[in-house]
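The values are calculated or read from the model by the stated rules, or taken from the named source; none is laboratory data. Owing to the predicted nature of the structure, the values given are computational and were not obtained by experimental measurement. Note that each Cβ is placed from the backbone with ideal geometry, even for glycine, and that neighbours are counted across all protein chains shown. SASA here: full protein model, heavy atoms, side chains in, ligands and nucleic acids out. Shrake-Rupley method; radii C 1.70, N 1.55, O 1.52, S 1.80 Å.
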Amino acid sequence: MHGRGREQAVLRGLLAQAGQRGSALIIRGPAGIGKSTLVDDARATALASGFRVLTCAGVQRESSSGLAGLQQLLHVVVDRADQLPDRQRAALHSVFGLGPGTSPDPLVLAVAVLALLEDLAQEQPLLLIVEDVQWLDEPTANLIGFVGRRLRDSAIVMLLTRRSEAGDPGTDPGLPEVVLDRLTDGDAIALLAELDPGMRREVRDRILDEAEGNPLALVELSRGLIERGLHDAGGLPTRLPLSARLENVFADQVARLSLPAQDLLLLAAAGTGVTLTELGKAARELGIDEPEQRLREAERAELVRPAGDELSFRHPLIRSAIHGAASFPRRIAAHRALAEVFAGDPERSAWHRSAGTVGRDELVARDLETAAELARTRGALGGAMRYLERAAELSPDPGQTARRLARAADAARQSGLPDAALRLIAAAKKHADPLVVADLAVTESFLAITTGAGGLDIGGLLESAERAAPVDRDTAASLLMFAAIRCRQEAPGSATAGHVLDRVRELLPGDDPRVTMATAYLAPTRDAERLVTAVRAATRHLAVLPAAAATGLAMAAEQLYDWPLAGSCWAVGAEGHRRAGTLTDLAGVQVQQARNLLVRGRLAEAVVVADEARRLGTDRGLPLVVAAVDVLDAQLAAWRQADGPVPVTVPENRVDLRFHLGWAHGLAALAAGRPADALGELIEAAGHPDLGPLAVADLAEAGVRAGAADRVAPVVAAIEERTRAFDSRLLRGLTERARGLLAGDDDRAEEHFRAALGLTGAAGPGGPEAAGEFPLQVARTRLVYGEWLRRQRRTADARAELAVAATTFEHAGAHPWAARAQAELRSAGVAVDSAAALTGAALLTAQELQIARLAAGGLTNKEIADQLFLSHRTVGAHLYRIFPKLGITSRAALTGLLGDLA
């Protein structure tokens with residue numbers, strides 16, 4: 001293999017290591033540089049070594065529909081999906097039309113593909129070959145990237161080829177790659193000498209100059225001379241970009257075939273995944289006599305390779321050369337013949353009819369819309385997007401164009417393709433009526449929540465709602481609810497927030513739950529008692545509420561500072577989205593659920609939920625979710641680590657995240673004994689209407705320790721007055737602690753500390769179970785109360801409070817706070833061993849802990865996989881690592897060890 005020995009060795013090395021470690025590699029380079037040759041060598045090596053080989057290839061847009069690459073890759077093994085967990089099996093069966101029509105989330109489908117491949121690799125090592133990634137449909141490309149990043153624990157090697165000069169960046173799987181450069185002059189000369197030892201020097205030099213070190217160009221340009229019997233370079237094509245010259249060479253080879261053989265190859269080029277049987281039917285539809293002989297003619301010319309009932313081109317450029325060289329009428333005729341052959345398959349038939357349509361055609365557009373519904377039903381949302389976009393191109397009526405583009409945009413959003421969604425939204429707006437504009441605004445708003453991309457500002461949402469209200473009240477209400485959420489995040493307490501609330505109340509009847517939610521978001525103090533009653537009434541049958549309703553009520557409950565109720569609502573919402581497989585929504589809900597758990601002091605659970613939200617956000621391309629988890633991690637670190645602030649970048653338009661991050665940094669500085677630094681962060685966080693009440697005791701402590709009690713006292717008083725309307729034991733407990741700290745050594749301090757402990761469910765010393773719903777806040781109160789008692793020389797009372805605080809902090813994994821409580825205990829004359837052993841939970845990563853908890857609860861690997869959107873073999877690999885960490889050898893031992901976390 002001239003000039004490719006190093007790359008050949010790399011690929012063979014990956015195959016040799018497959019028994020110990022899986023891998024994925026992209027081979028990148030221009031057309032003809034040797035990518036396919038390397039892959040063919042790897043294929044031969046793998047087959048000789050006992051591998052199973054699965055392949056697929058991207059093709060240019062006109063010839064393919066959604067998830068065509070996935071179907072090509074797995075069509076010979078999809079029958080093995082019966083062993084997968086239920087939801088994963090249903091997802092694969094739906095995509096391949098083998099079961100009831102469902103609409104699986106792309107992540108569920110990706111996990112199903114990974115699980116199927118891992119199962120196959122248990123029987124024999126597996127080589128996956130994906131050629132021309134740049135032309136794959138985006139859903140398949142995203143899925144390939146997901147699988148490629150998770151092959152470490154499997155006997156699977158994935159090799160992908162990608163042209164360096166072509167393709168949509170959205171189809172880049174983001175995997176490791178090797179880039180192929182041009183051959184050296186020495187290697188190129190050696191290759192030509194092997195092809196034609198008698199080649200004259202001037203011919204050789206012209207070919208070297210034309211080929212630019214490209215192996216395929218060297219082979220095909222010299223082949224052309226040899227086949228024509230030319231002894232000089234005059235027969236070479238004129239100077240063009242190299243890929244175009246190569247296509248010209250292949251087109252010239254095709255042109256030497258008979259016209260019927262050329263038409264047969266055009267059918268093969270136009271019909272992605274067409275079998276030889278189907279090709280024969282299409283040939284007869286096109287009037288080609290004796291198609292078998294025409295196929296043998298093309299095979300003798302070394303342009304195609306039949307294998308069973310399948311046909312492949314010798315090189316991907318041949319397909320594009322055939323398609324590009326064919327006249328427009330011939331391409332139209334080929335697609336129409338294929339549409340007739342696929343008449344029993346509404347999707348493929350509609351796609352080829354559309355490719356064979358000149359101008360606009362409403363009937364074909366309707367067929368494509370029907371195909372989009374079929375694709376959506378079986379979970380091929382990327383295919384639905386492409387069908388709808390093509391339907392829009394064919395629509396004679398601008399209104400229908402806009403409507404179909406809007407539907408395509410929403411399909412793109414749900415498929416995890418935000419860039420495509422934004423492109424389609426922009427196109428739809430050029431033609432849209434007010435209702436379509438409103439639908440587009442809903443899609444944009446969903447995108448903005450999770451990705452930070454696009455989205456109307458609050459004024460734009462109000463304007464769209466105003467236009468939509470006369471024709472679609474529900475759509476208008478959805479836009480107003482998005483506006484309410486944006487107001488709470490970006491402009492709490494503003495005049496705009498009041499205007500949004502007025503519009504909600506004008507649009508909807510007073511007993512509509514959305515009115516209660518919007519009022520809680522935007523004016524929670526206006527009638528807090530009535531609002532609390534309404535929210536609690538709406539959650540009376542919480543378990544049966546739809547996920548969207550549960551999450552809306554969770555936000556309302558948090559605005560009313562009923563954090564336990566909100567936590568129950570978030571859990572119901574998360575479980576509803578998990579069951580439905582709506583994973584983008586699940587990731588967003590989990591961010592809120594983790595923050596709720598954090599406020600309630602359940603750090604281990606918050607870590608687990610935040611970790612899953614991060615994985616979902618990363619896998620689905622949701623940068624705003626990932627940014628929110630980064631902030632959560634900083635908040636968790638303020639409780640659990642003593643390493644200083646965690647560096648985090650927050651999007652400019654997310655004011656709420658900036659305040660949360662400031663609170664995290666302030667709490668971390670307070671834990672580290674830097675009260676002046678803490679004060680600067682916390683005084684700003686206290687200005688946020690939601691966070692101020694939660695940070696009030698932290699602010700008071702920072703102010704007192706920094707010698708600035710007079711500065712923070714008015715802020716504490718203002719927060720207390722502002723939240724007086726809420727019947728929240730947590731808020732009252734925090735403000736009582738703040739007042740106790742500000743009282744200094746006055747006897748009134750004790751009254752406030754004891755009142756705080758009574759309000760938060762821990763009236764007297766006891767174990768961690770006495771801490772009620774907010775164990776860490778109770779422990780914080782005990783800590784400062786114990787410090788106060790020690791200063792009053794009431795050492796025995798101080799020891800009791802400090803001991804409980806230290807135990808609570810240790811139990812929760814709040815290490816810097818435990819260290820501070822232990823230091824106070826030592827000052828009170830108690831011998832403390834600060835090098836306490838880590839609990840079982842502390843030895844595990846967040847994902848390992850989540851899996852261990854579910855396994856301890858009795859779930860099988862497949863049940864865990866179905867719940868966490870992992871392959872069941874990945875679950876098994878995690879358990880394999882968990883057991884030695886915990887010093888156990890069986891699942892049964894998990895129950896006792898992690899019983900409190902199950």
Mind checking which of L679, V95, A749 is farthest towards the positive end of the chain's charge dipole, using Cβ charges of +1 (Lys, Arg) and -1 (Asp, Glu) about the Cα centre?
A749
What is the Cα centroid distance between the stretch 349-379 and the stretch 287-325, reported in whole angstrom?
27 Å
Among Q822, V53, A270, the residue whose Cα sits farthest towards the positive end of the charge dipole of the chain, when +1 is placed on the Cβ of each Lys and Arg and -1 on the Cβ of each Asp and Glu, is Q822
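Within 11 Å, Cβ to Cβ, of F869, how many net charges do the neighbouring residues add up to if Lys/Arg are +1 and Asp/Glu are -1? Before the final figure, lay out each step's value.
Details: positive: R87, R578, R615, R620; negative: D105, E612, D619, D866.
Overall, the nearby charge balance is 0.
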Using per-residue counts of other Cβ atoms within 10 Å, averaged over each peptide, order 857-863, 564-570, 805-811 from highest down.
805-811, 564-570, 857-863
Full extension from E466 to R505: what is 0.36 nm times the residue separation minus their Cα-Cα distance, to one decimal in nm?
12.7 nm
Ellipticity estimate at 222 nm from DSSP helix runs (n ≥ 4, -39,500 (n - 2.57)) divided over the chain, nearest 500:
-20500 deg cm²/dmol
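How many percent of the accessible area of the chain is carbon or sulfur, using a 1.4 Å probe? Don't skip to the answer; put the middle values down first.
Working: 18350 of 35740 Å².
For the chain, the apolar C and S fraction of the accessible surface comes to 51 percent.
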With r defined as the distance between the Cβ atoms of V358 and R540 and R0 fixed at 56 Å, what FRET efficiency is calculated, to the nearest 0.05?
0.35
Length-normalised contact order of the chain in % [C-alpha pairs under 8 Å, at least 6 apart]:
8 percent
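About its Cα centre, how strong a charge dipole does the chain have in debye, to the nearest 20, once Lys and Arg get +1 and Asp and Glu get -1 at the Cβ?
Using only the charged Cβ atoms, the result is roughly 1040 debye.
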Please give, to one decimal in nm, the separation of the simple spin-label points placed at F883 and E751, each 7 Å out from Cα toward the Cβ.
6.2 nm
Options (1) 70, 32, 20; (2) 65, 37, 25; (3) 61, 33, 24 - which one matches semi-axes √(5λ) of the Cα gyration tensor in Å as calculated here:
(3)
Taking a label point 7 Å from the Cα of A823 along the Cα→Cβ vector, which residues of the stretch 774-796 have an amide N closer than 14 Å to it?
784, 787
Whole-Å distance, taken between Cα centres, linking the stretch 23-49 and the stretch 443-464
44 Å
What is the local net charge at T45, summed over the other residues whose Cβ is closer than 15 Å to its Cβ (Lys, Arg +1; Asp, Glu -1)?
+1
Treat each spin label as a single point 7 Å out from the Cα along the C-beta direction, and report the D289 to D309 distance in nm.
2.8 nm
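When ranked by the protection proxy of mean other Cβ atoms within 10 Å per residue, highest first, what sequence do the peptides 514-521, 873-880 form?
Numbers: 514-521: 23.6, 873-880: 19.1.
Most protected by this proxy first, the peptides run 514-521, 873-880.
Counting DSSP beta bridges in the chain, what percent are antiparallel, to the nearest 5?
Details: 4 of 25 bridges.
So the antiparallel bridges amount to about 15 percent of the total.
What ranking, highest mean first, results for peptides 133-145, 623-635 when packing means the other Cβ atoms within 10 Å averaged over each residue? Intermediate values should be presented prior to the final figure.
Working: 133-145: 25.6, 623-635: 23.2.
So the order, starting with the most tightly packed, is 133-145, 623-635.
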Expressed in nm to one decimal, what extension gain is obtained for the pair E575 and A426 from 0.36 nm per residue of sequence separation less their Cα-Cα distance?
50.2 nm
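Heavy-atom accessible area per residue, the chain, 1.4 Å probe: how many Å²? Please list the in-between numbers first.
On the way: 35740 Å² over 902 residues.
Result: 40 Å² of accessible area for each residue.
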So how strong a dipole does the stretch 358-437 carry about its Cα centre when Lys and Arg Cβ are +1 and Asp and Glu Cβ are -1, to the nearest 20 debye?
220 debye
Within straight cross-link reach of K862, meaning Cα distance under 27 Å, which lysines are found once same-chain residues fewer than 8 apart are removed?
K885
For the pair T184 and T277, the simple spin-label estimate (label points 7 Å beyond Cα toward Cβ) gives in nm 5.3 nm
If you find the alpha carbon centre of the stretch 567-633 and of the stretch 517-536, how far apart are they in angstrom?
25 Å
Local electrostatic count at R790 - Lys and Arg +1, Asp and Glu -1, tallied over other residues with Cβ under 15 Å:
+1
